[in-house]
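Here the structure is laid out as structure tokens; the discussion comes afterwards.
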Amino acid sequence: MELNSRAPSGPLEKKWSNHRFSNKLVNPANRRKFSIIVVGTGLAGASASATLAEQGYQVKTFCIQDSPRRAHSIAAQGGINAAKNYQNDGDSIHRLFYDTIKGGDFRAREANVYRLAEVSNQIIDQCVAQGVPFAREYGGTLANRSFGGAQVSRTFYARGQTGQQLLLGAYGALSRQIHTGRVKMYTRREMMDVVVVDGRAKGITVRNIMTGEIESHAADVVILATGGYGNVYFLSTNAMASNVTAAWRAHKRGAGFANPSFVQIHPTCIPVHGDYQSKLTLMSESLRNDGRVWVPKTKGDTRKPADIPEGDRDYYLENKYPSFGNLVPRDVASRNAKEQCDYGKGVGTTGLAVFLDFAEAIKRDGRETIYKKYGNLFQMYEKITDSDPMVEPMMIYPAVHYTMGGLWVDYDLMTTIPGLFAIGECNFSDHGANRLGASALMQGLADGYFIIATSIAHYLGTNKIEVISEHAAPFIDSKRWVEDRIAKMLKNSVGGSAGKFTVDEIHKELGRLMWDNCGMGRNKAGLETALEELPKIKQKFWDSVYLPGTNKEINQSLERAGRVADFLEFGEIMIRDALTREESCGCHLREESQTEENEARRDDANFSHVSVWEHAGDEKEPVMHKEPLVFEYVTPSQRSYK
Amino acid sequence: MSSINLTLKIWRQPNSDALGAFEMYNLDGIHTDMSFLEMLDVLNEKLTKEGKDPVAFDHDCREGICGMCGAVVNGIAHGPEKEVTLCQLHMRHFKSGDILVIEPFRSRAYPIKKDLLVDRSALDRIIQAGGYVSVNTGGTPDGNSIPIPSQQAELAMDAAACIGCGACVASCPNGAAMLFTSAKISQLALLPQGQVERKKRALAMVAQMDKEGFGNCTNARECEAVCPKGISIRNIARMNKEFLKAVLTEG
């Protein structure tokens with residue numbers, strides 16, 4: 001597997017403009033001759049589809065939900081970063097670049113991260129022009145708030161619904177192109193395979209969720225915008241349909257998978273309360289602007305929070321990290337919450353929670369101000385927990401949220417399969433080992449609106465593109481493979497459900513294994529155990545999963561089974577990746593590699609690389625390759641937020 | 001944590017062409033901290049274990065923002081609690097012994113696909129007809145070059161909060177999609193960015209709404225009562241005004 005990052009040379013600030021100049025273009029009149037498939041309609045997929053169609057390409061877009069507006073980007077609450085420096089507080093493109101690469105614990109490519117910071121400002125302009133109702137100051141200018149890992153205020157927001165509003169902007173742009181006929185939209189389709197012809201991606205195989213029909217779609221280029229794989233843990237803040245299938249199938253067809261063990265555990269989520277629970281709910285990081293995190297000073301203090309006097313409270317983030325306080329990056333906040341709970345100082349019925357307290361902010365700024373800022377989040381919290389954060393402190397605990405790992409891509413966002421691109425959370429490109437808050441929306445839209453079109457033009461301009469029929473042998477083979485796999489999954493169900501397991505039972509078992517051994521804290525022994533246990537769960541799935549119904553109808557159990565089957569395979573490279581990275585960095589805490597203060601200890605001499613996994617065959621051990629990370633403009637330092 | 005026992009009466013319909021009917025299920029030991037959809041998950045696990053067909057229902061984010069879930073519970077779209085989607089309705093609002101009648105969102109423009117799962121693509125087509133600002137990617141002016149009074153931005157945001165769940169249609173005696181359509185028309189009519197296409201947009205979206213077979217508003221206000229995002233019917237008044245102005249000057 002060859003890993004050429006194609007990161008341009010030259011000064012940091014010139015790399016992107018030089019690259020755009022040196023990339024080939026496609027003449028506007030010729031663009032309509034080329035067809036592009038986009039899978040996924042979140043921020044990355046919808047913005048890419050709209051932009052490519054506006055430029056004149058023929059686009060076919062696919063989504064799993066009933067409408068492109070429902071992709072999980074919609075659930076992002078807090079905001080989107082940009083280096084506008086509207087607050088005049090010392091921000092710049094270089095500072096956003098530096099904060100992002102430092103926040104990622106120096107495990108991302110300099111050139112990519114700089115480009116992200118560079119285009120961030122255009123994203124805000126684009127979204128404003130679309131009519132996205134960002135929050136405004138009384139004078140009518142755009143408002144900002146602060147997020148973790150930064151000492152400037154650079155986050156743009158629309159109440160607690162920023163992701164929704166940005167997605168509806170991109171969905172509007174996409175809808176406009178559907179109306180003109182330049183985008184053909186396919187809803188309720190799940191991607192089952194990438195079709196590779198002579199080493200190039202030439203199409204996809206999808207399952208029509210409404211009819212069960214397996215369909216082939218050919219194009220000159222395939223773009224995956226299929227999100228992250230957090231649901232491998234069963235419980236996460238991801239939507240129920242979020243899955244690894246598209247990325248995993250691409251991997252099995254030859255796309256390298258980078259840093260699969262890099263998973264962000266978000267510090268402010270509503271704690272788990274029962275076995276029946278189907279998902280975890282995030283409370284925006286913006287709450288840490290005004291909320292103070294604390295636990296009782298003594299173990300097992302079961303007094304009500306209001307009855308615990310100031311002197312008996314431990315504001316551990318403020319005490320330990322005086323300069324960033326409650327706004328330390330997510331990985332640091334999560335790890336500290338776990339540490340406090342491990343000490344036995346956790347609160348709530350399970351002891352797996354810490355307080356997030358607004359009392360002081362309410363006293364300082366008044367009830368009205370605080371409610372205006374966070375009212376909708378408070379309501380959401382109250383609906384779920386039956387407790388009002390204006391009256392008593394919230395209880396929060398970390399939960400799986402975002403995956404920094406993903407398909408390996410070069411500077412042009414192309415995977416190791418020529419003609420197959422990956423954008424948004426689905427790729428690994430910009431966040432290193434930890435993503436800063438309000439940067440996912442930025443990356444999704446940067447990739448979709450401002451980067452991918454240049455890459456596509458270059459690919460089409462430098463390669464001989466041959467038209468291939470959807471009836472050609474590779475499409476037929478892929479279709480047959482997909483059908484066989486579904487038949488194999490359904491085969492177990494003959495003879496009834498007795499003695500068999502449901503999909504969710506097996507998924508929960510997988511989730512527990514991954515959370516216990518490859519979650520917030522990881523060590524060699526645990527990871528090795530997980531590697532032994534995983535094949536047993538996989539075997540159990542293929543031997544005894546029970547699926548009601550048939551393949552030729554709406555069958556939600558079958559849909560879930562297909563996804564779980566892929567999570568079971570994918571789990572292996574996650575564990576192996578965590579095992580081989582014998583250092584701590586960002587989200588990845590190897591318990592063997594910590595400083596005296598229990599902070600992550602990086603090992604730059606041995607692990608300053610991206611680990612990229614290659615699929616070697618179904619029963620074979622995957623092969624790891626390394627893309628070395630070279631830092632010319634920043635000096636990797638031990639992160640300190642003290 | 002307490003638990004309750006329920007009787008569920010759920011609409012079962014294998015596909016669009018089949019005749020549907022209610023079926024009864026007893027479900028015991030439901031924790032009151034569960035969400036409504038988690039309760040349906042428990043039922044489905046039970047049905048699967050018994051070798052029966054689980055109830056099909058749409059859902060995705062389960063945090064009240066994607067707009068994918070929804071059913072009519074005891075005659076009310078998204079159930080008895082105000083301003084929540086079905087996924088954010090919790091079982092603490094019910095008591096042991098309750099009978100819950102659960103049906104799909106019904107409307108002429110929403111064909112039932114299976115059980116509680118319906119086709120709401122008509123709503124997408126209304127947006128496609130003009131629910132956007134026609135601006136291409138790139139070359140847009142600096143974000144701060146268009147100052148927008150904070151109050152105006154807030155009003156636009158109130159309308160923009162619509163999640164497209166379609167409960168408004170299901171609860172309207174006329175099967176109107178006017179709350180949905182007016183939310184988008186209002187958002188863009190309130191913002192300077194929406195002015196250029198203001199009239200064209202109102203005409204096109206209303207025309208598409210009619211074409212899809214949705215009815216018209218007669219001020220029953222049922223839509224507003226069930227809207228999980230509290231979208232006000234003032235938006236419908238604004239839409240009517242926008243439409244009338246457009247018809248008189250352009251139509």
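Residue-by-condition table, conditions (1) at pLDDT 95 or above; (2) more than 14 Å from every other protein chain (Cβ to nearest Cβ); (3) under 30 Å from residue A:33 (Cβ atoms):
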residue: A:474; (1), (2), (3): yes, yes, yes
residue: A:488; (1), (2), (3): yes, yes, no
residue: A:526; (1), (2), (3): yes, yes, no
residue: A:533; (1), (2), (3): yes, yes, no
residue: A:540; (1), (2), (3): yes, yes, no
residue: A:546; (1), (2), (3): yes, no, no
residue: A:556; (1), (2), (3): yes, no, no
residue: A:561; (1), (2), (3): yes, no, no
residue: A:571; (1), (2), (3): yes, yes, no
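Only residues that are assigned to a loop (DSSP other than H, G, I, E, B) and out of contact with any Lys or Arg (no Cβ under 6 Å at 6 or more places or on another chain): list them for region A:592-618, please.
If the condition is that a residue be assigned to a loop (DSSP other than H, G, I, E, B) and out of contact with any Lys or Arg (no Cβ under 6 Å at 6 or more places or on another chain), then A:592, A:596, A:597, A:598, A:599, A:601, A:602, A:603, A:608, A:616, A:617, A:618 are the ones that fit.
So, in region A:138-156, how many residues would count as being within 14 Å of another protein chain (Cβ to nearest Cβ), touching a Ser or Thr at 6+ places or on another chain (Cβ under 6 Å) and closer than 30 Å to residue A:321 by Cα?
Looking only at region A:138-156, we keep the residues that are within 14 Å of another protein chain (Cβ to nearest Cβ), and these are A:138-144, A:154-156.
From the residues that got through so far, the ones that are touching a Ser or Thr at 6+ places or on another chain (Cβ under 6 Å) too are A:138, A:144.
Add one more test, that the residue is closer than 30 Å to residue A:321 by Cα, and what stays is A:144.
Count: 1.
Among the residues of region A:373-391 satisfying the criterion of being assigned to a helix (DSSP H, G or I) and either in contact (Cβ under 8 Å) with a residue 60 or more places away in the chain or loosely packed, with under 14 Cβ neighbours inside 10 Å (or both), which is farthest from the other protein chains (Cβ to nearest Cβ)?
Here the residue is A:374.
Among the residues of region B:57-73, write down those that are surrounded by 22 or more Cβ atoms within 10 Å (Cβ to Cβ), closer than 24 Å to residue A:75 by Cβ and of a type outside the set (Asp, Glu).
B:57, B:59, B:61, B:62, B:64, B:65, B:66, B:67, B:68, B:69, B:70, B:71
What number of residues within region B:18-56 are in contact with a Pro (Cβ under 6 Å, 6 or more places away or on another chain), more than 7 Å from chain A (Cβ to nearest Cβ) and surrounded by fewer than 20 Cβ atoms within 10 Å (Cβ to Cβ)?
Residues flagged as in contact with a Pro (Cβ under 6 Å, 6 or more places away or on another chain), more than 7 Å from chain A (Cβ to nearest Cβ) and surrounded by fewer than 20 Cβ atoms within 10 Å (Cβ to Cβ) within region B:18-56 amount to 1.
Hey, does region A:121-137 have a residue that's surrounded by fewer than 21 Cβ atoms within 10 Å (Cβ to Cβ), facing chain B (nearest Cβ under 8 Å) and either in contact (Cβ under 8 Å) with a residue 60 or more places away in the chain or within 22 Å of residue A:638 (Cβ to Cβ) (or both)?
Yes, because at least one residue in region A:121-137 is surrounded by fewer than 21 Cβ atoms within 10 Å (Cβ to Cβ), facing chain B (nearest Cβ under 8 Å) and either in contact (Cβ under 8 Å) with a residue 60 or more places away in the chain or within 22 Å of residue A:638 (Cβ to Cβ) (or both).
Hey, among B:150, B:145, B:171, which residue is without any contact (Cβ under 8 Å) to a residue 60 or more places away in the chain, of a type in the set (Ser, Thr, Tyr) and farther than 29 Å from residue A:452 by Cβ?
B:150
Does residue A:621 satisfy the condition of being of a type in the set (Asp, Glu) and either at pLDDT 95 or above or not in a loop (DSSP other than H, G, I, E, B) (or both)? Don't jump to the end; show me each part of the working.
On the way: of a type in the set (Asp, Glu): yes; either at pLDDT 95 or above or not in a loop (DSSP other than H, G, I, E, B) (or both): yes.
Yes.
How many residues, within region B:122-146, are more than 7 Å from chain A (Cβ to nearest Cβ), surrounded by fewer than 23 Cβ atoms within 10 Å (Cβ to Cβ) and in a helix (DSSP H, G or I)?
Counting residues in region B:122-146 that are more than 7 Å from chain A (Cβ to nearest Cβ), surrounded by fewer than 23 Cβ atoms within 10 Å (Cβ to Cβ) and in a helix (DSSP H, G or I) gives 3.
Residue A:254 fails exactly one of the following numbered conditions: (1) over 15 Å from the mean Cα position of the chain (by Cα); (2) part of a loop (DSSP other than H, G, I, E, B); (3) small (Gly, Ala, Ser); (4) over 30 Å from residue A:59 (Cα atoms). What is the number of that condition?
Exception for residue A:254: condition (4).
Being surrounded by 10 or more Cβ atoms within 10 Å (Cβ to Cβ), closer than 22 Å to residue A:260 by Cα and among the aliphatic types (A, V, I, L, M) is the filter here, so list the residues in region A:593-642 that pass it.
A:600, A:610, A:612, A:616, A:623, A:624, A:629, A:630
Looking only at region A:280-317, count every residue that is in contact with a strand residue (DSSP E or B) (Cβ under 8 Å, 6 or more places away or on another chain), among the polar types (S, T, N, Q) and more than 14 Å from chain B (Cβ to nearest Cβ) and tell me the total.
2
Return the only residue of A:199, A:256 being touching a residue at least 40 places away in the same chain (Cβ under 8 Å) and surrounded by fewer than 24 Cβ atoms within 10 Å (Cβ to Cβ).
Answer to the selection: A:199.
How many residues are part of a helix (DSSP H, G or I) and facing another protein chain (nearest Cβ under 8 Å) if we restrict to region B:155-167?
Matching residues across region B:155-167 total 3.
Starting from region B:14-39, take each residue that is in contact (Cβ under 8 Å) with a residue 12 or more places away in the chain and among the β-branched types (Val, Ile, Thr) and list its partners that are surrounded by 11 or more Cβ atoms within 10 Å (Cβ to Cβ) and assigned to a strand (DSSP E or B), counting only C-beta distances under 9 angstrom and pairs at least six apart or across chains.
That search, which allows pairs on different chains as well, returns B:30/B:3; B:30/B:4; B:30/B:5; B:30/B:6; B:32/B:3; B:32/B:4; B:32/B:90.
The values are calculated or read from the model by the stated rules, or taken from the named source; none is laboratory data. Treat the numbers as computed from the prediction; the structure is a model and nothing was measured. Don't worry about glycine lacking a Cβ; one is built from the backbone with ideal geometry, like all the others, and counts go over all protein chains shown.
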